[in-house]
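The values are calculated or read from the model by the stated rules, or taken from the named source; none is laboratory data. The model shown is predicted, which means the values in this text are computed figures rather than measured ones. All Cβ positions, even for glycine, are placed from backbone atoms using ideal geometry, and neighbour counts span all protein chains on display.
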Amino acid sequence: MKTIAGLLVLMIALAQYPLWFSKGSWLAILEMHEQISTLQETNQSLQNRNTILEAEVNNLKKGFDAIEELARSELGMIRKNELFFHVAEYENK
């Protein structure tokens, strides 16, 4: 009787092994779910960035105000008959 019980326990253990440790095991599935969550977060942040960039591109295509603003801030554009004042900050040491 002990032999049969031992054999049954061994067979159950062998049947459980693939469930816990093989390629499609519970542990592998949990790890994949974690990877999926991480990738979804990354995708969401990249989609947000793309949406912002797309809005900026559309704004640049349609409006000259945005182009002028960029030219003023990044390139130092000054219009004709416009005065430019450069204010230098003084640091007291």
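Matching residues to (1) among the aliphatic types (A, V, I, L, M); (2) touching a helix residue (DSSP H, G or I) at 6+ places or on another chain (Cβ under 7 Å); (3) modelled with pLDDT of 85 or more:
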site: Gly6; (1), (2), (3): no, no, yes
site: Gln16; (1), (2), (3): no, no, no
site: Ile29; (1), (2), (3): yes, no, yes
site: Asn43; (1), (2), (3): no, no, yes
site: Leu70; (1), (2), (3): yes, no, no
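All of (1) surrounded by 11 or more Cβ atoms within 10 Å (Cβ to Cβ); (2) in a loop (DSSP other than H, G, I, E, B) hold for Phe85 with one exception: (1). Residues that are among the charged types (D, E, K, R) and either assigned to a loop (DSSP other than H, G, I, E, B) or in contact (Cβ under 8 Å) with a residue 24 or more places away in the chain (or both) within the stretch 1-36 comprise just one, Lys23.
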